[in-house]
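Here, each number is a calculation from the coordinates, and none is a lab measurement. All figures in this text were calculated on a predicted structure; none of them were measured in a lab. Cβ sites come from the backbone with ideal geometry, for glycine too, and all protein chains shown count toward neighbours.
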């Protein structure tokens, strides 16, 4: 992973082969992307402080994993300090490193993980498990003022499929395996996990479990919460073992407590997960719908019908336009074909080309099954005025699906902030959530007096609702700190989620980024349950402290709590700070020109931060 | 509900219309069921002690729900004292009432539930929520030595479907509604929940959620854990509200903490659950397989294939024989047809009629869907040597499915103890679990020197495994306390579950009955997580104390813990006591004549009770 950006060294997003992109960005963000205008500081310039690693702990860690797997190298510490949120990228690029971990250890077995945790707890150190490092919710960052030694436990050496139970269609897999490595090992024996998040290339099984990940084909395979049956977790109380049974009524689900626990209960070392035989046929078909409303209605009817596609995805008009703008240079024949399609849509089908929505629906299984599912879907698509544009665009989407995260670095190099926010809500609330979130973003752009763009797609369908995935970008005004303006936009969108009956995140977890809204989502007693769970499992608050929920208010007043106080002082968003910074901003606050009024109006609360 | 038995007054199981049953029971249990030989004590004989209800609390409860909804009537207290486990029935019948609740309150609204909890906590009383009263795991019983006032909160007045969101296919429903009442309200608007546990007629939505229930059609609709999206729970910390979102990554799932919580976190007042349009076609088809091994393999292949039936159920040879023995008196034509089928199976298909297995597979949906699913299933059934016997037997099974629990009372009236034990395991472990559990039961019968019968069916299929549901019956020897002999048999079966990689219960919850095996199932750190969760939510241990996990050992030594000590002194099973009672028994311990050796041998541990 790059220390200041997404993905592999040497891999970059480029507009060079996408002729429509430069004018598109110029039109919407007022920026010419022809040349990079901003570069990260060099690694040599980074102010890396010396690690705080008492020799006793250093010795115990070396004894646990071997001295060659204990690193205090600056590059290791910088890479393990954070994930890849927009906030992380911006700060890394300018050399604002925050609280680095003091040491990175790489255990090679479960007993070594146990020895690491024992050593760390013995020295009252903080332990932060590290998978692929692609988290975008602040789940990996040590608390800013953490006075204790911080140990980053990199699970990357635990990368093997331990066994496959073909009869039960489950595999026991070590937690540190990356997406591509896992699929390669499974595919080699004719199996697949079927879990493909955007971060696939740079995330791990343990990370997916710790953050409740979803993948592009989760409509078929299930979210990671559905796929995960058995678990092995090193905890302060010993080895937590969840049996890989298909279902159980043994009280509140311990399995579901580990899912989404973000390292606060222990270190996941292995999981038993569903595997499926590689499908004999797999295809992603493109469709176009006349409007966003028609798209949502079609996806809802698909979920209610008897078809069960592997992917249901549809972009709003803004994202559809963006998709067209990122098309690669095409042949004359392709351009003519595309032009003919647009003419047909506009003249014969009455499509408003600015309002139409691009959709991808995936199918997997036997030839016969795929064919019958496609027929079922076609009928529903047609009922909502949509039509198929074949499997060509789908294949293209399928190929480039993991490239999207690289675009944030491309934009940062050009002074533009781009990021995402995603949620899930019941079908009947999706229209309101969408209207409110896009309106909130546009109002925020107007308040900040910046050029901005917001777009959205529906990414996962369920019986009762779906995930809406928003992407936004804007050109900071230069009148304020860039991240301050980012907070205004991101917070405005997040606030509409919880105000509109949606959840604060469908699959990006809580970390520190979303923690300010947790109580509004799951209610104060819900937060109290999580606190009780974490405090019971980790009375010393050594395990990734401050994530999901901060320290309880009363702990701050107590003697024991004083030590943890610093643990809640993150650079993350605060709704109060955000509200103040907007009202204090000198920027004019005109009514947003094009934004529809939110329905109902998102209520901006200035409640104290939890 | 009857105070001493299952179901409605006036409804009973009878063998009068089942000519083959009397000889069947005589052959296997050595009992002539022609006449009842045992009757419960009369209600008037019951030693009902006066309630311990301080006037302050009585007043507060009356203020909360209205004086007419606060009852200290003996019948109310006796009915609310327990569920309907075999242990419960035996004790009730002989007038051994245990620790009765002191008062039964019936709130009519969520604010009234809040007021009840406030009043109870204010008086340091124990609160036990009560739904349909059909729990068979000891989840409803007050701790034997409980010194505080015990308040049973009957949710029966919270019985309404509050709203149906047709677009999202969810309904918000009050927790106290019974199965039939709920389906009637939903069916009236064209919807169904699709949740049909054996206890359907006498259980409630809140009870299903609190115990992680499964229904007969859960293969299609999902277990209650899948169906439940939103929750409203009155807790000591206030209203816990889980939003009805389709999926979320907000940390460890609070929704999944309420599921299976058995009243230990609070009182569930409402839930938002999946609903489905009533299917246009619904049919249950009967099949016969030549062997149990072939049956399991067929069910596994069904789960791995592209068909998705609503019910997958298959009985082992012993349960198949029992099913045939409970057939109603039939016409000469029917008997001839049945005889012809048996002749065909034996002569033309080579079936061993003693080894064959009866299966029911259900289908729901459009005519077209049902037809194509039946074709898919037929191919898989045929591959395993099975054949369809049409929808007649399936319709019969469908009609009498809720009558089964009545048979325990019929047997108790004839001096026979009958009960169930169920589990779930990966497909590859099911054969071993089955062999070990049936062997353990037969060894126990032999050790006790009693006539006994054990049978099993597979009741729910999942991607990675299935539920095995065992039923056993035996005629107590008369040389020991009947429940002591029952404990030997039930405990032997439960022990094989956890020893064979299965779970201690798939859908009957933990309560007090299964608590002794919890640590062996979910590991000591898993139990510790549950303790932390419960203690955090309920520091005074007022909420259904002692269920799922007892008090922690260290709490018993502490000042605060002393009060709770009595709370763990249940009449439930204890593996240690069981082991001692067997070894102390004077009964000869011959090798079991017909039982196959368990594979691997179930390990009988004498670990101290958790």
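Observations on the structure shown:
- Here the label points at residue B:27 and residue A:73, each 7 Å from Cα along the C-beta direction, are separated by 7.6 nm in the simple model.
- Residues within the reach of a label modelled at residue A:403 (point 7 angstrom out along Cα to beta-carbon, backbone nitrogen below 11 Å), restricted to the range A:318-360, are A:326-329.
- Whole-percent pair-distance distribution, where bins are 5 Å wide, for the alpha carbons of the range B:267-387: 2, 10, 17, 19, 16, 14, 11, 5, 3, 2, 1, 0
- Packing around the peptides A:256-267, B:446-457, taken as the average count of other Cβ atoms within 10 Å per residue, puts them in this order, highest first: A:256-267, B:446-457.
- By average C-beta atoms within 10 angstrom, highest first, the peptides B:238-249, A:386-397, B:202-213, A:28-39: B:202-213, B:238-249, A:386-397, A:28-39
- Here the chain B residue lying nearest the rotation axis onto A, judged by its C-beta and given with the distance in whole angstrom, is B:256, 2.
- Our summary of shape: the Cα atoms of the protein assembly as shown have principal axis extents of 95, 71, 63 Å, ordered from largest down, in whole angstrom.
- Remark: mean inter-chain Cβ contacts per residue of B:516-526 equal 6, using a 10 Å Cβ-Cβ cutoff to other protein chain atoms.
- What separates the Cα centres of the range B:327-381 and the range A:244-274 is a distance of 40 Å.
- Test item: B:210-222 mean partner chain Cβ contacts at 10 Å: 1
- Computed from Cα atoms, the angle from the helix B:575-584 axis to the main principal axis of chain B rounds to 60 degrees.
- Normalised contact order of chain A, rounded percent, pairs of Cα under 8 Å and 6 or more residues apart: 16 percent
- Per-copy distances of the residue A:124 label point, shortest first, in nm (7 angstrom along Cα→Cβ): 3.5
- Extension gain for the segment residue A:118 to residue A:383, taken as residue separation times 0.36 nm less the Cα-Cα distance, is 89.3 nm to one decimal.
- Angle in degrees between helix A:524-537 and the longest Cα principal axis of chain A, rounded to the nearest 10: 40 degrees
- Copies compared at residue B:12 - label distances in nm, ascending, label defined 7 Å from Cα in the Cβ direction: 8.8
- For A:432, B:320, order by how many other beta-carbon atoms lie within 10 Å, fewest first: A:432, B:320
- Label point at residue B:334 placed 7 Å out along Cα→Cβ; residues across the range B:1-33 whose backbone nitrogen lies under 13 Å: B:17-20
- Pairwise centroid distance, computed over Cα atoms, of the range A:1-26 with the range B:383-434, Å: 61 Å
- Shielding by partners - mean other protein chain Cβ count within 10 Å, residues of A:236-243: 6
- Exam field: residue B:36 pseudo-label spacings to other copies (7 Å along Cα-Cβ), nanometres: 8.8
- Cα long-axis angle, helix A:427-448 against chain A (0 to 90 degrees, to the nearest 10): 80 degrees
- Square roots of five times the Cα gyration tensor eigenvalues for chain A, Å: 38, 30, 23
- Between the C-alpha center of the range B:74-129 and that of the range A:64-79 there is a gap of 59 Å.
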